[in-house]
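Below: the structure, in structure tokens.
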Amino acid sequence: MIGVFRHELGRIFSLRPVFSVMIVALGLYALLYPQPYLAEALRLTPVAVVDQDQTTTSRDLVRRLDASPDVAVASVLPDFPAAQRAVLAREVSGILVVPEGFERELLRGNPSPVALYADGSYFLVYQRAALGVSAIARTLGAEVEVRRLIGLGVDAPLAVAAANPMPLTTIPLFNPQEGYATYVLPAAFVLILQQTLLIGVGLLGTLPGAKTGEPEGPPAASPFATVAGKLLAYLALEAVILPLYLVVLPYLYGIPRLGGVLPMLLFALPFVLATGALGLIVATLFRTQLAVQLVMAALGMPFFFLSGFSWPVEAMPQAIRWLASPVPSTAAIDGFVALGQLGATLSDVRPQVLTLLVLSAVYVAGAVALEARARR
């Protein structure tokens, strides 16, 4: 087993395709993948304004909108067709129309709606524009209502309470910036670790020198000792890479962490074993380098969606949940995020631990059986 371990670890660093996937690619992912998300939240979404009211209150609304961090007033246009042309030219992502009589209706105490036409083809842009405009509109409307009530002789505290009878205070837990990087990167890192390990192990099993008896092959050992030695090599490699990805990188990129390192490392053991053993099965089933690369690359996006962080697991059909269960990243993402970002303990992620232990046992048994069959 120790001989197989040394042989497999040496092949990881000596075979260029494997080294490129398991070492170089991980370094490139660590540097390049987080870059688009580091701003955390979308800011200054450009919109065009069509001010049909041309009053002090409508101009105040436009100034406040332009001063907000979410929306930027790119242009104030005379009519709606001109604003439509700006949207079609991709100069702006939305149109805010302030109707005629906007100020008059507000001062009368009547509803005075404004219309926002936002680009719904890009959900983040649409959401940011809608939230920014609605927040400014509600604030301005409340202030106008307070002034109107004070003018009618209502005491200022009562006027404020009447304009906003149920103030809401939101406290974002575990993601204080409400940013996209804090949400997506911890889960994406786990998926990157799984895919690079699967592809790397699959390539190791299809390149020359993988089988006992071949020139430069591993030393003679029983099927179980051969599989165990290879898995030890993968564990040794991931013992360096996994802490870098799940502890060091979140620290460098400013992702909040509440959990300890030791629970994450203990949780990583069944994850690496399950993924490595699955890679051995993949290598036996597909047999060629090209097949391993094409199949694993094609499965990357399905694994991403099946993991449950891009779309809620509760909203998935039961059949899809069953389909996602055999994939190690499905349970691993839940467990790693809970342990690292939410401050959970190992007892809190007991279902995920049990799932990965079962997958490890099943995949290791399958890899040993396929190794024995290949020798026969």
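In table form, for the structure just shown:
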| quantity | calculated |
| --- | --- |
| For the stretch 148-242: accessible area per residue (Å², 1.4 Å) | 49 Å² |
| Accessible area (Å², per residue) of the stretch 49-140, counting only protein heavy atoms and a probe of 1.4 Å | 55 Å² |
| Accessible carbon and sulfur surface of the stretch 1-136 relative to its total accessible area, %, 1.4 Å | 60 percent |
| Mean Cβ neighbour count within 10 Å, used as a protection proxy, ranking 275-282, 27-34 highest first | 275-282, 27-34 |
| Translational D in µm²/s for the stretch 231-274 (Stokes-Einstein at 37 °C, 0.692 mPa s, Kirkwood Rh from C-alpha pairs) | 297 µm²/s |
| Helix 180-206 vs. the chain, principal-axis angle (Cα, 0 to 90°, nearest 10) | 20 degrees |
| Kirkwood hydrodynamic radius over Cα pairs of the stretch 29-95, then Stokes diffusion coefficient at 4 °C and 1.567 mPa s, in µm²/s | 96 µm²/s |
| For the stretch 107-164, diffusion coefficient by Stokes-Einstein and Kirkwood Rh (Cα), 4 °C, 1.567 mPa s, µm²/s | 100 µm²/s |
| The chain - mean residue ellipticity at 222 nm from DSSP helices (-39,500 (n - 2.57) per run, n ≥ 4, rounded to 500) | -20000 deg cm²/dmol |
| Packing rank of 95-101, 228-234, 348-354, where each peptide gets the mean count of other beta carbons within 10 Å, highest leading | 228-234, 95-101, 348-354 |
| Other-chain or far-sequence residues with amide H under 5 Å of residue 76's (modelled H) | 49 |
| Relative counts (whole %) of C-alpha pair distances in the stretch 60-109, using bins that are 10 Å wide | 22, 45, 28, 4 |
| Top of 273, 131, 65 by mean-square fluctuation, Gaussian network on the chain, Cα under 10 Å | 131 |
| Rg over Rh, two decimals, the chain (C-alpha only, Kirkwood Rh) | 1.16 |
| Tail fraction, Cα-Cα pairs, the stretch 276-343, threshold 19 Å, whole percent | 44 percent |
| Cα gyration tensor category, rounded, prolate or oblate, for the stretch 310-376 with a/c compared to 1.5 | oblate |
| Gaussian network model of the chain, springs between alpha carbon atoms under 10 Å - residue of 155, 66, 119 with greatest fluctuation | 155 |
| DSSP beta bridge pairing in the stretch 1-135, given as percent antiparallel to the nearest 5 | 30 percent |
| Antiparallel %, DSSP beta bridges [both residues in the chain], to 5 | 30 percent |
| 1.4 Å probe accessible area per residue over the stretch 268-353, in Å² | 47 Å² |
| Enclosed volume per residue, in Å³, of the convex hull spanned by Cα atoms of the stretch 1-141 | 155 Å³ |
| √(5λ) per eigenvalue of the Cα gyration tensor, the stretch 140-263, largest first, Å | 64, 13, 10 |
| Under-5 Å amide H pairs with residue 95, H placed in peptide plane, nonlocal only | 48, 117, 118 |
| Per-selection Kirkwood Rh - the stretch 226-376 (Cα, Å, 1 d.p.) | 16.6 Å |
| Distant-in-sequence amide H partners of residue 40 (H built 1.01 Å from N, under 5 Å) | 180, 181 |
| Principal-axis tilt of helix 289-306 within the chain, Cα atoms, nearest 10 degrees | 40 degrees |
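The values are calculated or read from the model by the stated rules, or taken from the named source; none is laboratory data. Bear in mind the structure is a predicted one, so any value in this text is a computation, not a measurement. We place every Cβ from the backbone using ideal geometry, glycine too, and count neighbours over all the protein chains shown. All accessible areas refer to the heavy atoms of the entire protein, side chains included, with ligands and DNA or RNA removed. Shrake-Rupley method; radii C 1.70, N 1.55, O 1.52, S 1.80 Å.
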